[in-house]
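Here the structure comes first, spelled out in structure tokens, and everything after it is commentary.
The values are calculated or read from the model by the stated rules, or taken from the named source; none is laboratory data. Note that the structure is predicted; figures quoted are calculated from it, not measured. A quick note on method: Cβ atoms are made from the backbone with ideal geometry, for glycine too, and the neighbour counts reach across all protein chains shown. Calculation scope for accessible area: heavy atoms of the full protein, side chains included, ligands and nucleic acids excluded. Shrake-Rupley method; radii C 1.70, N 1.55, O 1.52, S 1.80 Å.
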Amino acid sequence: MNRLKLVTIMQSVLITGLVLLISGLLLFRNHEKKETVPASLDVEETKSYEYTMESEAIYETTGQKIFLRDAEVGEIWIPVLADVPACEYQADQYVTRNGLMYYTENNKIISRFGIDVSAHQEEIDWPTVKKAGVEFAMIRAGYRGYTGGSLVIDDYFEQNVQGAQDAGIAVGVYFYSQAITPEEAIEEAELVLSLIADKEITYPVVYDWELVTNDIARTDDVSVRTLTQCSIAFCEKIRQAGYLPMIYQNKRTSLLKLDLPELTDYDFWLAEYNDKATYYYNYQMWQYASDGTVPGVNGHVDVNVCFKDYTDSERESDEDA
């Protein structure tokens, strides 16, 4: 009898415990549900996140939008900056003559046609290039490796500069940068200046910094602020030496990776491969194709329209600056 009573008491305790456990689980579940799926959400309950700009400068916008196509999110837009001069060229004033593109005004050609070359083109017949109508050549002085960061002089630089000038073609130079600090950009500018010290360079000396999209590069994480500072550092070093600096950049990287209002002191060389340029802001040179063909050059070559007549008078000395 006592044994039966003991069993009964134990059953009661067990049942009571199970009831309490189930009740506790239900209360916990309801509590979790209330926290994760609230019936309403007041403004005061939302978290605020501080947004810190890298640059302290704040620029005026016009209210207009620039639309771009992004592979991941589709169409995106950015505001037009009032601080940066807009492009004044008219799409219907471009003409093509003998396969070369020019810009006209009152039916008169006011631009110049040119090419940009490097060791990739190897041997170039510069007299034939001149006869084809090429008026200027932008020649690569060298580059920085995008993995190790070593500086390399273009194997054909000396030959290309001499050949172009002997043929009567005006010459400018560019350096392919992979700088990740302003100090590296200055180092690149100093290399270029050492290479052109004894040469007659009448077209700009160009800072060509590019994103590497098909491999891992040392420049993958370069910020807008750093890239802008690198551009300024290179250009100021070139300007101090008495040459005219210029920045080369494609449309997309220019709009998304450069602090453009900080760079309005420098001429701009646009890379956009279209029949008509759609870049909103102003530029002095336009690389409109990378698959151009010009007699005297083996294979494809970059082709350009220049809207400005660069001559020796465009160069500044430290005393004039």
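Brief remarks follow.
- Residue list for segment 62-90, restricted to those being among the small types (Gly, Ala, Ser) and assigned to a strand (DSSP E or B): 63, 74, 86
- Residue in segment 256-278 that is of a type in the set (Ser, Thr, Tyr) and within 19 Å of residue 244 (Cα to Cα) present: yes
- Flag if residue 135 is in contact (Cβ under 8 Å) with a residue 12 or more places away in the chain, open to solvent by 60 Å² or more (accessible area, probe 1.4 Å) and at positive phi: no
- Filtered by the rule that a residue be of a type outside the set (Gly, Ala, Ser), touching a residue at least 24 places away in the same chain (Cβ under 8 Å) and either in a strand (DSSP E or B) or buried (at least 18 other Cβ atoms within 10 Å of the Cβ) (or both), segment 281-298 gives 281, 283, 285, 287, 288, 294, 297.
- Segment 71-83 - residue that is closer than 16 Å to residue 252 by Cα and touching a residue at least 24 places away in the same chain (Cβ under 8 Å) and, of those, surrounded by the fewest Cβ atoms within 10 Å (Cβ to Cβ): 78
- Within segment 299-314, residues that are part of a loop (DSSP other than H, G, I, E, B) and among the polar types (S, T, N, Q) have Cβ atoms under 9 Å from residues that are surrounded by 14 or more Cβ atoms within 10 Å (Cβ to Cβ) and modelled with pLDDT of 95 or more in these pairs: 311/170; 311/202, counting only partners at least 6 apart in sequence or on another chain.
- Candidate set from segment 144-175 (those that are among the aromatic types (Phe, Trp, Tyr) and open to solvent by less than 70 Å² (accessible area, probe 1.4 Å)); member that is farthest from residue 230 (Cα to Cα): 156
- Subset of segment 127-146 (residues that are part of a loop (DSSP other than H, G, I, E, B) and either in contact with a Ser or Thr (Cβ under 9 Å, 6 or more places away or on another chain) or small (Gly, Ala, Ser) (or both)): 132, 133, 145, 146
- Contacts under 7 angstrom Cβ, first residue in segment 111-128 being farther than 19 Å from residue 173 by Cβ, partner of a type in the set (A, V, I, L, M), 6 or more apart: 111/305; 127/167
- Selection of segment 106-126 for residues being outside any loop (DSSP other than H, G, I, E, B) and hydrophobic (A, V, I, L, M, F, W, C) yields 109, 113, 115, 117, 119, 124, 126.
- Any hit, segment 91-105, residues being assigned to a loop (DSSP other than H, G, I, E, B) and closer than 24 Å to residue 305 by Cβ: yes
- For first residues located in segment 151-167 and over 14 Å from residue 121 (Cα atoms), partners that are open to solvent by less than 80 Å² (accessible area, probe 1.4 Å) and in a loop (DSSP other than H, G, I, E, B) and lie 6+ apart or on another chain with Cβ distances below 7 Å form the pairs 152/145.
- Restricting segment 250-264 to residues that are touching a residue at least 60 places away in the same chain (Cβ under 8 Å) and part of a helix (DSSP H, G or I) leaves a set whose member that is surrounded by the fewest Cβ atoms within 10 Å (Cβ to Cβ) is 256.
- Residue 59 being over 23 Å from residue 203 (Cα atoms) and part of a loop (DSSP other than H, G, I, E, B): yes
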